[in-house]
Amino acid sequence: DVKVTQSSRYLVKRTGEKVFLECVQDMDHENMFWYRQDPGLGLRLIYFSYDVKMKEKGDIPEGYSVSREKKERFSLILESASTNQTSMYLCASSFPAGEGEQYFGPGTRLTVT
Amino acid sequence: SQQGEEDPQALSIQEGENATMNCSYKTSINNLQWYRQNSGRGLVHLILIRSNEREKHSGRLRVTLDTSKKSSSLLITASRAADTASYFCAASFGANSKLTFGKGITLSVRP
């Protein structure tokens with residue numbers, strides 16, 4: 001079974017802090033994604049990556065950056081956390097030769113105070 | 001926006017009844033997928049239907065796709081309390097593996 005893990009289930013940070021969210025997958029997937037999920041807005045894509053050291057902006061990249069130094073790990077970075085970044089963050093991975101089925105981690109609920 | 005739109009936003013049914021959820025999208029797709037999310041957890045892939053397919057079954061799940069109407073339906077038969085969750089449709093466009101998700105449907109199955 002594909003396993004996608006995220007470094008924390010719950011995280012509380014202060015405004016202005018630099019925040020790192022880590023995601024690791026064990027299925028050798030090339031594609032990895034970061035989403036945020038907010039009530040009434042569904043899932044919105046922040047960034048995605050098709051390969052190591054490769055990244056592309058999603059629909060809402062402002063205030064975020066990412067890092068993909070190894071194939072299995074995709075990190076989301078909040079350079080200076082703000083209260084409007086309080087959200088559920090979901091990481092996913094997929095195999096490019098497949099039909100795009102994505103495998104999700106359990107999510108990190110981030111609260112910025 | 002290419003985002004899928006689910007209908008209804010919330011659905012409450014009695015255990016044993018069937019649950020039907022609808023999804024509409026705006027442009028041509030490669031495939032349409034349905035995911036389930038239990039409260040506070042990640043999404044789990046349920047079923048995928050390709051653009052050249054009209055109906056697909058998996059256990060108690062039945063999904064249909066009408067590309068002329070740009071819509072899909074997910075039917076859960078003989079629902080159980082354990083089916084209580086949020087359900088999302090996701091459309092695959094273009095040559096990459098990106099998905100565009102709807103806002104989700106909250107299904108409550110009363111025991």
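Descriptive notes on the structure:
- Summing Cβ point charges (Lys, Arg +1; Asp, Glu -1) relative to the Cα centre of the protein assembly as shown gives a dipole of roughly 260 debye.
- Ranked by the mean number of other Cβ atoms within 10 Å of their residues, highest first, the peptides B:22-28, B:99-105 fall in the order B:99-105, B:22-28.
- Here the Karplus curve 6.51 cos²θ - 1.76 cosθ + 1.60, taken at θ = phi - 60°, turns the phi angles of the stretch B:31-39 into couplings of 7, 10, 10, 10, 10, 10, 9, 6, 3 Hz, with x standing for Gly and Pro.
- Relative to its Kirkwood radius, the Cα radius of gyration of the stretch B:66-108 gives an Rg/Rh of 1.05.
- Taken one residue at a time, the phi angles of the stretch B:48-57 give Karplus couplings (6.51, -1.76, 1.60, θ = phi - 60°) of 10, 10, 7, 5, 9, 9, 10, 8, 8, 10 Hz. Gly and Pro are set to x.
- Ranking B:I29, B:S73, A:L76 by Cα position along the charge dipole of the protein assembly as shown, where only Lys, Arg, Asp and Glu carry charges on their C-beta atoms, puts A:L76 farthest toward the positive end.
- Shielding of peptide A:102-110 by partners, expressed as the average count of other chain Cβ atoms within 10 Å per residue Cβ, is 4.
- Rounded, prolate or oblate (a/c below 1.5 giving rounded, otherwise prolate when a/b exceeds b/c) for the stretch A:4-97 by Cα gyration tensor: prolate
- Projected label distance in nm at B:L75 and B:N52, using a 7 Å step from Cα toward the beta-carbon: 2.5 nm
- For the peptides A:102-110, A:15-23, residues were scored by their other Cβ atoms within 10 Å and the scores averaged per peptide; the highest-first order is A:102-110, A:15-23.
- The stretch B:5-110: translational diffusion in µm²/s, Stokes-Einstein, Kirkwood Rh over Cα pairs, 37 °C, 0.692 mPa s: 239 µm²/s
- Calculated log₁₀ intensity ratio I(q)/I(0) where the Debye formula runs over C-alpha points of the protein assembly as shown, q = 0.07, 0.10, 0.12, 0.16 Å⁻¹: -0.22, -0.45, -0.64, -1.10
- Of B:K26/B:K103; A:K13/A:K71; A:K13/A:K55, pairs whose Cα-Cα distance is over 19 Å: A:K13/A:K71; A:K13/A:K55
- Electrostatic dipole magnitude of the stretch A:4-97 [Cβ: Lys, Arg +1; Asp, Glu -1; Cα centre; debye, to 20]: 240 debye
- Surface/4 of the Cα convex hull for the stretch B:1-55, nm²: 5.2 nm²
- Here the Karplus curve 6.51 cos²θ - 1.76 cosθ + 1.60, taken at θ = phi - 60°, turns the phi angles of the stretch A:51-58 into couplings of 5, 4, 6, 10, 8, 9, 6, x Hz, with x standing for Gly and Pro.
- Distance (nanometres) between label positions extended 7 Å along Cα→Cβ at A:V52 and A:E30: 1.4 nm
Computed from the coordinates by the stated procedures, all read-outs in this text should not be read as laboratory data. Not measured: the values here are computed from a predicted model. Reconstructed Cβ throughout: ideal geometry from the backbone, glycine too, with neighbour counts over all protein chains shown.
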